[in-house]
Amino acid sequence: MRTILLLFVIVITLPGCSTLSYYLGAVNGHAGILNHQRPVSEVIKDPDISDGVREALVQLQQARRFAVDVLLLPDNDSYRYYADIDREYAVWNVIATPELSMEPRQWCFLFAGCLNYRGYFAEHKARAYAQQLQQQGDDTHVAGARAYSTLGWFDDPLLNTMLLEDEASRLGVLFHELAHQKIYIDDDPAFNEGFAVFVQQEGVRRWFEAQGRHEAADRYRQTVERRARFHGLLLETREKLAQLYASEQPAVIKREQKQQYFASLKQAYRQLKQQWDGYDGYDKWMQQPLNNAHLALIATYREQVGRFEKLLDDHNGNLAAFYTAVERFAKLSPEQRKTALINNVDE
């Protein structure tokens, strides 16, 4: 209740009807989640809980301790509670770019700073806003998210949306959201997400290795490598499109070339998939009508992951030293930060 009251007091001080409406929706959505939460220790003992949910929650509590002791992530009351919100995703994010640009639109919020997407607790509201942007000429994409972070301002609960069947994915969401609580910069979404994705991957890898589950670790390494190749293909297309949009060609030519690039991307994916022994995990994503916004989202999350990987290697796998270096990057301007991360110069 104190959390809800605090959020409400903040909201009613905001100017602008549209801003007020949006934040009231956010308060209502977050309050709805909090109203469903119970201590994990209580849920585990509940005879009405399925064995699958119970086992997942027990493991996630073990992973929560691992995140503190091994990954050096925050030790607080986040993810000590559980809420079943009876839907597939926690929130739906709207991503948008101009028709002939790869630069995503940004929205700035209390607590979270500026982001390359705008989140909604109701899917229909997200799609309505995306349609509004489309009518203004933007490329848009609506993506469901399994979790979101309040960045340590409040205690975030585990959600049923996080209880993915795949163990690595389930643990990865937990480590990812805790990484946001560890280090977060309010003016650099790509830095924040790249850092969190890398900590997620490193955390899952160390989890399997700490348990001596070498086959699981090898399978996860293959998954990460396959994902990196897939996303690399998308980022290559994004770079080609960025060069096209920056050129002096007429808009009509850019539009034609844009469609050719996306057709070429689908062909390149079919060729890449032939190397995967029948793995088709990205088919559904590739079968949707693609536009700039899809690639902008991938870039936000993936463009800087390899740079964080190299940074950890340069610190011989020492996470404490790695975090210290990342914190020094955080003090730089966005352009200085990007250059420093590329060159691994942290001063």
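Please verify whether Y269 is closer than 24 Å to L115 by Cα, in contact with a helix residue (DSSP H, G or I) (Cβ under 8 Å, 6 or more places away or on another chain) and in a helix (DSSP H, G or I), treating the condition exactly as stated.
For Y269, the condition - closer than 24 Å to L115 by Cα, in contact with a helix residue (DSSP H, G or I) (Cβ under 8 Å, 6 or more places away or on another chain) and in a helix (DSSP H, G or I) - is not met.
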Give all pairs with beta carbons closer than 7 Å in which a residue from segment 136-162 that is aromatic (F, W, Y) meets a residue that is surrounded by fewer than 19 Cβ atoms within 10 Å (Cβ to Cβ) and part of a loop (DSSP other than H, G, I, E, B); count only pairs at least 6 apart in sequence or on separate chains.
W153/F111
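What residue, among those in segment 196-227 that are small (G, A, S) and surrounded by 16 or more Cβ atoms within 10 Å (Cβ to Cβ), is farthest from A179 (Cα to Cα)? Let's see the steps before the verdict.
Kept after step one, since they are small (G, A, S), are these residues of segment 196-227: 196, 203, 210, 212, 216-217.
Applying the additional criterion that residues be surrounded by 16 or more Cβ atoms within 10 Å (Cβ to Cβ) yields 196, 203, 216-217.
Numbers: A196: 5, G203: 10, A216: 23, A217: 21 Å.
Among those that are small (G, A, S) and surrounded by 16 or more Cβ atoms within 10 Å (Cβ to Cβ), it is A216.
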I need a count of the residues in segment 138-173 that are surrounded by 22 or more Cβ atoms within 10 Å (Cβ to Cβ), closer than 16 Å to Y82 by Cα and either among the charged types (D, E, K, R) or in contact with a strand residue (DSSP E or B) (Cβ under 7 Å, 6 or more places away or on another chain) (or both).
4
Looking at (1) touching a residue at least 24 places away in the same chain (Cβ under 8 Å); (2) in a helix (DSSP H, G or I), which is the only condition Y279 fails?
(2)
Which condition number in (1) free of Cβ contacts under 8 Å to residues at least 40 places away in the same chain; (2) part of a helix (DSSP H, G or I); (3) over 30 Å from R170 (Cα atoms) is the one that Y245 fails?
(1)
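Test E103 against the criterion of being over 21 Å from D187 (Cα atoms) and either surrounded by fewer than 16 Cβ atoms within 10 Å (Cβ to Cβ) or under 18 Å from the mean Cα position of the chain (by Cα) (or both), and give yes or no.
Working: over 21 Å from D187 (Cα atoms): no; either surrounded by fewer than 16 Cβ atoms within 10 Å (Cβ to Cβ) or under 18 Å from the mean Cα position of the chain (by Cα) (or both): yes.
Judged against the criteria, E103 is not a match.
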Flagged pairs (Cβ under 8 angstrom, 6 or more apart or on separate chains; first in segment 31-51, more than 19 Å from Q62 (Cβ to Cβ); second charged (D, E, K, R)) are H36/D84
Restricting attention to segment 31-40, and to residues there that are assigned to a helix (DSSP H, G or I) and at pLDDT below 95, which single residue is surrounded by the most Cβ atoms within 10 Å (Cβ to Cβ)?
I33
What are the pairs, 6+ residues apart or on separate chains, where a residue within segment 192-204 that is without any contact (Cβ under 8 Å) to a residue 60 or more places away in the chain and farther than 13 Å from E303 by Cβ has its Cβ under 8 Å from a residue that is part of a helix (DSSP H, G or I) and among the aromatic types (F, W, Y)?
Q200/F175; V204/F175; V204/Y220
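Which members of segment 282-304 meet the condition of being free of Cβ contacts under 8 Å to residues at least 24 places away in the same chain and either β-branched (V, I, T) or assigned to a helix (DSSP H, G or I) (or both)? I'd like the intermediate steps shown before the answer.
Our first condition is that a residue be free of Cβ contacts under 8 Å to residues at least 24 places away in the same chain; within segment 282-304, this holds for 283-289.
Answer for segment 282-304, where residues must be free of Cβ contacts under 8 Å to residues at least 24 places away in the same chain and either β-branched (V, I, T) or assigned to a helix (DSSP H, G or I) (or both): D283, K284, W285, M286, Q287.
Conditions tested, residue by residue: (1) more than 24 Å from V197 (Cβ to Cβ); (2) modelled with pLDDT of 95 or more; (3) within 24 Å of the chain's Cα centre (by Cα); (4) surrounded by 14 or more Cβ atoms within 10 Å (Cβ to Cβ).
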| residue | (1), (2), (3), (4) |
| --- | --- |
| S21 | yes, no, no, no |
| G29 | yes, no, yes, yes |
| D69 | no, yes, yes, no |
| D75 | no, yes, yes, no |
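The values are calculated or read from the model by the stated rules, or taken from the named source; none is laboratory data. Worth saying up front: this structure is predicted, and the values here are computed from it rather than measured. Positions of Cβ are backbone-derived with ideal geometry, glycine not excepted, and every protein chain shown enters the neighbour counts.
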